[in-house]
């Protein structure tokens, strides 16, 4: 390739100066190896990859949010897909039992379930994620207008029956599962993951108390989270039994948030006339954050339903979570009797 004229002249000039450079005092002594040239240090900061707003882990692109209502009694276990969830909410339902709402975005399992009916508390959590796709199986007739008005894309079994199937070897109603790609295909405008108030990083330097386990109780359910130092996870027990995944192994997460909330009687009830609790997730309250084998006292705040939930230490600093899956147990200090 022929060089431009200006560059050729410059190179020629450089050739004339080379003999003079050979006489420089930097010339190595006889027998001494020439010193390797070192590159000048760069002032450019090294950028770390962005952290996912739900898990604090690196990501390439932010994907749509899928929320799925999942059974949480012995009859519906083991559940499928929970290992892939970014966030898992534990909510109180009728008769003092609990049900889960799993939030998926960074990872999507092929199938998930058992899928169960929606509750009024779900409709107050969903707006934090914008307008996510919401998978559920039925709801009380009185609640259907509220679901239609809620900030979510309805991909339940009535609106999207092709995404659901009955799992062999299980009995109804605990055998309804869903194919996640088909769920999201019916919600092409579902909101993508965005900041919901969570922060991730190093644990606070002060305030943590070492704990081997922590137990949370509802009127008819009990969760115990036990620290596994080797796996760096809080392993999950429910009602004294290991909480196992259908994919294999025991469920566990690096961060458990016990968010103490106001829980009261709603206008809804089940067929046995047991009322449906309404779990308030807006406002302010106290929390316990479990991470790294320690329990930290914290405060939570959510100004409105379309804003995220922030967690801070007692001194007002951000209460960082450990990167990875987060379980949020929505508990009440005073048990609500059905």
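Rule-based calculations on the coordinates, nothing more; no lab input. Being a predicted model, the structure only gives us computed values, none of them experimental. Here the Cβ is made from the backbone with ideal geometry for all residues, glycine too, and neighbour counts use every protein chain on show.
For the ranges 219-228, 82-91, 259-268, 289-298, what's the packing order if you count other beta-carbon atoms within 10 Å of each residue, average per peptide, and put the highest first?
82-91, 289-298, 219-228, 259-268
Residue 189 label point, 7 Å along Cα→Cβ, cut-off 20 Å on backbone N: hits in region 112-134?
Under cut-off, by backbone N: 126-134.
Ranked highest first by average number of other Cβ atoms within 10 Å, how do 68-78, 308-318, 243-253 line up?
In descending order of packing, they fall as 68-78, 243-253, 308-318.
Put one equal scatterer on each alpha carbon of region 138-286, apply the Debye formula with no solvent term, and list log10 I(q)/I(0) at q = 0.11, 0.19 1/Å to two decimals.
Log10 I(q)/I(0), no solvent term: -0.71, -1.50.
Using the number of other C-beta atoms within 10 angstrom as an exposure proxy, rank 306, 122 with the fewest first.
306, 122
What is the spin-label model distance, in nm, from residue 267 to residue 148 if the labels are put 7 Å beyond Cα along the C-beta direction?
1.5
List, largest first, the extents of the alpha carbons of region 66-331 along their principal axes, each in whole Å.
51, 39, 38
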